[in-house]
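Notes follow once the structure below has been shown.
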Amino acid sequence: MSGTYLGMPAFPQAAHDAVRDRTLRANLRHATHTIRDKRAQAVSELADWAELREAGKQIKDHTLRHLDHYLVQLEESVTAAGGTVHWAADAAEANRIVTRLVRETGEREVVKVKSMATQETGLNEALEAEGIRAYETDLAELIVQLGKDRPSHLLVPAIHRNRGEIRDIFRREMSAWGRPAPEGLTDTPAELAEAARLHLREKFLRAKVGISGANFMVAETGTLVVVESEGNGRMCLTLPETLISVVGIEKTVPTWRDMEVFLQTLPRSSTAERMNPYTSMWTGTTAAAEGDGPRAFHLVLLDNGRTDTLADEVGRQALRCIRCSACLNVCPVYERAGGHAYGSVYPGPIGAILSPQLRGTQSEIDASLPYASSLCGACYEVCPVAIDIPEVLVHLRERVVQGGEVTRHGAKVTLRPAKGHAAERAAMRAARWAFSHPAALRAGQRLASRTRRLHPRTLPGPGRAWSATRDLPPVPAEPFRDWWRRTRQPGGKDSA
């Protein structure tokens with residue numbers, strides 16, 4: 001990835017500051033609880049939800065195992081339909097490709113939709129450096145852009161803002177970006193949506209270049225799919241003469257039949273709808289006389305750490321993600337800390353396992369993200385493609401503490417253990433030694449039982465952070481093995 005947000009501290013410090021923002025916590029609590037309650041109702045309507053979930057998992061795993069084959073097929077299909085495929089190994093290469101393509105059109109403005117991959121690469125900043133202005137057209141992304149802010153949610157990037165804050169941003173900033181906010185704008189949702197519609201309409205009608213992402217890419221036909229709820233995607237995908245789509249390579253699915261599964265699970269898991277109001281699909285280009293659609297189409301296939309992630313047998317399941325955001329809406333950590341604390345365009349539980357794999361765990365914040373979880377498992381329960389996020393979190397924690405061999409930029413490298421975990425490593429080594437020596441383990445257990453009245457109820461030193469809100473569990477009067485031998489084994493003192 002292009003790096004962490006500039007100046008972001010490690011997750012514990014960022015979360016420490018966020019949980020003290022009462023307005024932020026109220027906004028997040030209201031929004032996440034509303035979305036997850038609606039999702040639960042939408043999912044309950046399908047008697048075969050478990051089967052659909054397993055089917056999505058199997059399709060994604062099959063595709064990832066044969067990704068080389070399906071990417072070649074995708075390129076051939078897109079090219080046959082009149083499009084041009086570009087391969088970007090990293091964020092910098094993707095930005096260079098897109099910037100060059102826009103410059104070649106002679107335009108200095110672009111409209112954008114469904115472009116999380118371009119947020120990952122920092123495309124807006126790269127375009128601005130070349131004198132090209134990019135306009136976000138998703139309502140929430142527009143709020144974030146006008147507010148000089150950062151996204152904090154996969155589906156609702158401005159979830160941390162309430163209606164009053166959005167009204168103030170529109171009043172203050174819209175005029176500098178185009179059509180100003182209407183006089184007397186209030187914070188009612190209808191008025192805010194109308195202000196955004198009027199502001200964006202002139203940009204849709206003027207723009208000659210559109211930049212998009214995609215929810216899915218169908219290898220057998222070269223078709224790209226965008227699902228959305230506002231109609232801005234339809235405008236961005238059909239009106240510009242040139243369309244540039246930047247998409248992560250993991251968004252590939254083999255066939256049209258596979259879309260049947262995801263077009264049922266994605267809407268219900270994300271917006272709690274039976275289907276999205278707008279589902280746009282395009283294949284290649286269209287001639288000027290044939291109606292709507294781009295005259296030139298470019299597909300930029302983005303790696304940026306994805307093949308490195310694919311090499312990890314445990315961590316690769318993160319690439320199944322269809323960006324529904326269900327895991328964020330049930331996560332107790334995200335609900336309290338918000339998305340900005342994760343220091344990435346991918347917040348929440350999925351970001352805690354995806355960002356450290358795409359970017360590596362060398363930075364302080366990426367090394368801290370696998371610990372941004374209580375391991376409660378709620379994220380796994382709601383994931384529509386059954387990503388076992390807790391399993392990957394534990395796997396990445398081991399990588400941070402122990403180091404070891406990983407794939408970076410296509411080559412095997414050996415990571416050094418992260419700083420600050422020496423005590424943890426020492427404790428684990430001691431535990432391994434004890435569990436490998438049964439006599440020593442039994443002696444330690446008996447000693448702990450006999451001295452249990454002397455044990456403190458809180459831990460000293462750094463352990464106070466854990467025991468400040470909970471009591472240490474009491475040590476039993478005797479070890480389990482002694483109790484079993486006494487009460488269950490034949491000939492034991494208390495056996496029948």
So which residues in the stretch 210-232 are over 20 Å from residue 78 (Cα atoms) and either of a type outside the set (Ser, Thr, Tyr) or part of a helix (DSSP H, G or I) (or both)? 228, 230, 231, 232
Kindly indicate whether any position in the stretch 473-480 is acidic (Asp, Glu) and within 43 Å of the chain's Cα centre (by Cα). no
Among the candidates 426, 448, 367, 386, single out the residue that is within 23 Å of residue 336 (Cβ to Cβ) and of a type in the set (A, V, I, L, M, F, W, C). 367
Single match in 259, 275 (criterion: under 13 Å from residue 225 (Cβ atoms), open to solvent by less than 20 Å² (accessible area, probe 1.4 Å) and outside any strand (DSSP E or B)): 259
Residue that is most open to solvent (accessible area, probe 1.4 Å) [pool: residues in the stretch 415-460 that are part of a loop (DSSP other than H, G, I, E, B) and touching a Leu at 6+ places or on another chain (Cβ under 9 Å)]: 457
Conditions first: (1) assigned to a helix (DSSP H, G or I); (2) touching a residue at least 12 places away in the same chain (Cβ under 8 Å); (3) over 43 Å from the mean Cα position of the chain (by Cα). Residue 399 passes all but one, so which condition is the exception? (3)
Going through the stretch 461-494 in order, the residues found to be surrounded by 13 or more Cβ atoms within 10 Å (Cβ to Cβ) and either touching a Lys or Arg at 6+ places or on another chain (Cβ under 6 Å) or in contact (Cβ under 8 Å) with a residue 12 or more places away in the chain (or both) are 472, 475, 476, 478, 479, 481, 482, 486, 492
Just give me the residues in the stretch 387-414 being open to solvent by less than 10 Å² (accessible area, probe 1.4 Å) and either of a type outside the set (Val, Ile, Thr) or on the phi > 0 side of the Ramachandran plot (or both), in sequence order. 393, 396
Checklist (1) out of contact with any Gly (no Cβ under 8 Å at 6 or more places or on another chain); (2) at pLDDT below 95; (3) on the phi > 0 side of the Ramachandran plot; (4) surrounded by fewer than 23 Cβ atoms within 10 Å (Cβ to Cβ) applied to residue 377, failing item: (2)
Of all helices (runs of 4 or more DSSP H) completely enclosed by the stretch 57-142, which ones contain at least 3 residues that are in contact (Cβ under 8 Å) with a residue 40 or more places away in the chain and buried (at least 18 other Cβ atoms within 10 Å of the Cβ)? 67-80, 91-105, 116-121
Is it the case, given these coordinates, that residue 174 is open to solvent by less than 60 Å² (accessible area, probe 1.4 Å) and more than 28 Å from the chain's Cα centre (by Cα)? yes
From the residues in the stretch 143-169 that are of a type in the set (Asp, Glu) and at pLDDT 95 or above, which one is farthest from residue 268 (Cα to Cα)? 168
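The values are calculated or read from the model by the stated rules, or taken from the named source; none is laboratory data. Nothing here was measured: the structure is a model prediction, and the numbers come from that model. Note that each Cβ is placed from the backbone with ideal geometry, even for glycine, and that neighbours are counted across all protein chains shown. SASA here: full protein model, heavy atoms, side chains in, ligands and nucleic acids out. Shrake-Rupley method; radii C 1.70, N 1.55, O 1.52, S 1.80 Å.
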